[in-house]
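The values are calculated or read from the model by the stated rules, or taken from the named source; none is laboratory data. These numbers were taken from a predicted model, which means no experiment stands behind them. Every residue, glycine as well, gets a Cβ built from its backbone with ideal geometry; the counts of neighbours run over all protein chains shown. Protein only, heavy atoms only, side chains kept; ligands, DNA and RNA dropped before computing areas. Shrake-Rupley method; radii C 1.70, N 1.55, O 1.52, S 1.80 Å.
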Amino acid sequence: MITSPSNDVSVTPEICFEMVREASERATMLPANTVQVEPGGAIFTSIQIAINSIQDASPGCLYQVSVGPGTYCEQVILKPFIFVGGPGYQATSIVLPENAANTGVVQTAGTGGIGQMAIVGGTTTTVKNACAIYIVSSSPDIFLANAVFCHATDNGIAGSIVITVGNDPVYGGSGTVVLINCTVTAQTEKYGSTTIAMQGTGLNFNYQVSGGGMSGNSSDSMGLMTNGQATAVLNNVLVGGHDWSLNNNDNQSPITANGCQLRGPVSAGVKVNP
């Protein structure tokens, strides 16, 4: 089994990053459309089937799922303490199946991570509230996305949200969401629809974004919107939105932007540092 350092039950963002990085390195050596689970080395053709095969993941027994090149048309529900990596967003993508219930192309479940791939949600004709990554509000702890290209397109007036936490902006628990060198974009084909690249909500939730960029691409759009007394810190991120690049929607969910390029206005409750 793969153990966390010294069998420490505290899995940190640094450990999450290392686990995703190792899974991504293995993915570069896999044939197309194959998924490998470590430990054990079992081979599958579906990401979800590979994840479902893991029954004993824990803080002291971390698993890596390496996803080879190809397009995987499926919804993926992660399990805690599982880390998924691909060989790069130009080589590997997860795409929402037609007529699927859109609770997110990738849905999280507790501590885990995903990296080095594209996640594409929604279509221009069938999906409303398109979402690429859906972070379940009842799943606290840490979720890491490293070098992921996230995109969602919808045709519904509610608009597309690429990364979101739950449906209710206020709930108990706590969690940390870390994005490193990710590209996050949302767009709509419907006039008047609002697009939000990242919606950070949730009491006691903290969002840490470093590098990369996020943008909503419509006449009514936001880069990052916080709500529900969440907090967010951005470092060296390119953020764009027609309505807001950064929006502290309830004025109780502070955002700090350090060294960021902002292409759009910021709301009250946003601190911008050089």
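Structural remarks
- Near pairs, Cβ below 9 angstrom, 6+ apart or cross-chain, from the range 242-255 (surrounded by fewer than 20 Cβ atoms within 10 Å (Cβ to Cβ)) to any residue that is at pLDDT below 95 and acidic (Asp, Glu): His242/Asp220; Asp243/Asp220
- Extreme residue, nearest to Asn181 (Cα to Cα), among residues of the range 201-214 that are open to solvent by 30 Å² or more (accessible area, probe 1.4 Å) and outside any loop (DSSP other than H, G, I, E, B): Ser210
- Residue check, Leu262 outside any loop (DSSP other than H, G, I, E, B) and farther than 17 Å from Val177 by Cβ: yes
- Residues in the range 65-86 that are assigned to a loop (DSSP other than H, G, I, E, B), surrounded by 22 or more Cβ atoms within 10 Å (Cβ to Cβ) and within 17 Å of the chain's Cα centre (by Cα): Leu78, Phe81, Gly86.
- Filtering Gln107, Gln55 for residues that are open to solvent by 20 Å² or more (accessible area, probe 1.4 Å), free of Cβ contacts under 8 Å to residues at least 60 places away in the same chain and within 27 Å of Ala197 (Cβ to Cβ) leaves a single hit, Gln107.
- All strands (runs of 3 or more DSSP E) inside the range 131-179 with 1 or more residues being at pLDDT below 65: 161-165
- Yes/no for Ala32 being open to solvent by 40 Å² or more (accessible area, probe 1.4 Å), out of contact with any Phe, Trp or Tyr (no Cβ under 9 Å at 6 or more places or on another chain) and touching a residue at least 12 places away in the same chain (Cβ under 8 Å): yes
- Residue within the range 222-232 that is open to solvent by 60 Å² or more (accessible area, probe 1.4 Å) and on the phi < 0 side of the Ramachandran plot present: no
- Gly115, sole failed condition from (1) at pLDDT below 90; (2) touching a helix residue (DSSP H, G or I) at 6+ places or on another chain (Cβ under 7 Å): (1)
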